[in-house]
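> Sharing a structure, written as structure tokens. Questions coming.
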Amino acid sequence: MLDCSVLSILIGASMVIDTKPKFLIREDGTRIAYHHTPGSAPGVIFCGGFMSDMTGTKALALEEACQGSRRSYTRFDYRGHGQSDAEFESGTIGLWAEDALAILDQVAQGPQIVVGSSMGGWIMLLLAKARPERIAGLVGIAPAPDFVLTMWDAFPDEIKATLKQDGVYYAPSEYSEAPYAITLRLIEEGRQHLVLQETFDVDYPVRILHGMADPDVPWRQSLAIVERLQGDDIVVTFSKSGDHRLSEPDDIARLIHTVETLARRADANAP
């Protein structure tokens with residue numbers, strides 16, 4: 001049962017969310033758009049999905065929840081996404097992970113609960129590998145680490161030929177009118193950042209939320225992730241009717257409850 005404070009955030013919150021982002025300028029001049037709400041630690045940082053942005057339902061709902069509990073919260077757009085600079089097709093897993101790491105290092109402060117949605121689940125794990133001392137917990141939402149491998153294997157020969165010849169394949173999307181631009185560079189560069197090829201030690205809590213009706217990332221993927229993670233506090237929650245986005249009111253309430261529970265536990269265990 002979700003507590004009333006969580007539900008009130010969903011149905012009656014009156015927090016005002018600023019629509020004008022700030023920008024973090026990377027070494028190459030690329031501006032990374034972000035919103036940061038100062039507050040107590042541990043903070044929460046949201047890593048969005050492939051061709052998603054920081055104005056999605058989950059990102060904004062978490063922001064309202066963190067404002068309500070006066071907890072630090074950060075959301076951002078990778079380069080080529082949302083309000084950040086660069087063309088989407090120029091992006092790679094490595095570059096997007098570097099953007100996320102820059103936000104973690106230069107915007108967020110102190111320990112963080114990192115929330116990763118879909119591709120953001122891959123970015124989340126890369127952050128955990130790069131800065132384990134900054135991680136207070138991980139929350140994956142239909143996480144899709146190493147997805148370039150399964151994507152390539154699933155492509156028929158004609159799509160692989162298009163990628164090799166043109167360098168890009170425009171895949172139709174169920175979530176927007178614009179197609180997904182899949183580049184050969186994305187796939188080849190992504191193979192340099194795989195995280196599920198060996199075990200992964202975690203000494204912080206990990207929570208995974210996954211819908212069993214997800215047409216994009218099979219729910220069994222989360223079981224594969226759990227098999228690789230080596231830790232004592234790892235919990236996976238499946239929603240039988242849940243889709244890939246997990247953005248229905250019950251899904252959002254479950255996400256907020258999960259994040260806040262981890263945050264309160266970290267509060268209680270802080271020295």
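The values are calculated or read from the model by the stated rules, or taken from the named source; none is laboratory data. Note that the structure is predicted; figures quoted are calculated from it, not measured. In this analysis, Cβ positions are derived from the backbone assuming ideal geometry, glycine residues included, and neighbour counts consider all displayed protein chains.
> Pull out all pairs, ordered by first then second residue, where Cβ-Cβ is under 6 Å, the residues are six or more apart or on different chains, the first lies in the range 187-213 and is touching a residue at least 12 places away in the same chain (Cβ under 8 Å) and surrounded by 13 or more Cβ atoms within 10 Å (Cβ to Cβ), and the second is among the hydroxyl-bearing types (Ser, Thr, Tyr) and assigned to a strand (DSSP E or B).
209/237; 211/239
> If a residue has to be in a helix (DSSP H, G or I), charged (D, E, K, R), farther than 20 Å from residue 174 by Cα and at pLDDT 95 or above to count, how many in the range 215-271 make the cut?
Number satisfying all stated conditions: 6.
> Answer yes if at least one residue in the range 98-107 is closer than 21 Å to residue 203 by Cα, out of contact with any strand residue (DSSP E or B) (no Cβ under 8 Å at 6 or more places or on another chain), in a helix (DSSP H, G or I) and in contact (Cβ under 8 Å) with a residue 24 or more places away in the chain, and no otherwise.
Within the range 98-107, one or more residues are closer than 21 Å to residue 203 by Cα, out of contact with any strand residue (DSSP E or B) (no Cβ under 8 Å at 6 or more places or on another chain), in a helix (DSSP H, G or I) and in contact (Cβ under 8 Å) with a residue 24 or more places away in the chain.
> Being crowded, with 20+ Cβ neighbours inside 10 Å and closer than 15 Å to residue 250 by Cβ is the filter here; which residues of the range 49-63 pass it?
Step one: list which residues in the range 49-63 are crowded, with 20+ Cβ neighbours inside 10 Å, which gives 49-52, 54, 58-59, 61-63.
Answer for the range 49-63, where residues must be crowded, with 20+ Cβ neighbours inside 10 Å and closer than 15 Å to residue 250 by Cβ: 58, 61.
> I'd like to check something: does the range 45-66 contain any residue that is within 17 Å of residue 100 (Cα to Cα), touching a strand residue (DSSP E or B) at 6+ places or on another chain (Cβ under 6 Å) and β-branched (Val, Ile, Thr)?
Within the range 45-66, one or more residues are within 17 Å of residue 100 (Cα to Cα), touching a strand residue (DSSP E or B) at 6+ places or on another chain (Cβ under 6 Å) and β-branched (Val, Ile, Thr).
> Going by the conditions given, is residue 203 closer than 24 Å to residue 44 by Cα, among the acidic types (Asp, Glu) and in a helix (DSSP H, G or I)?
No.
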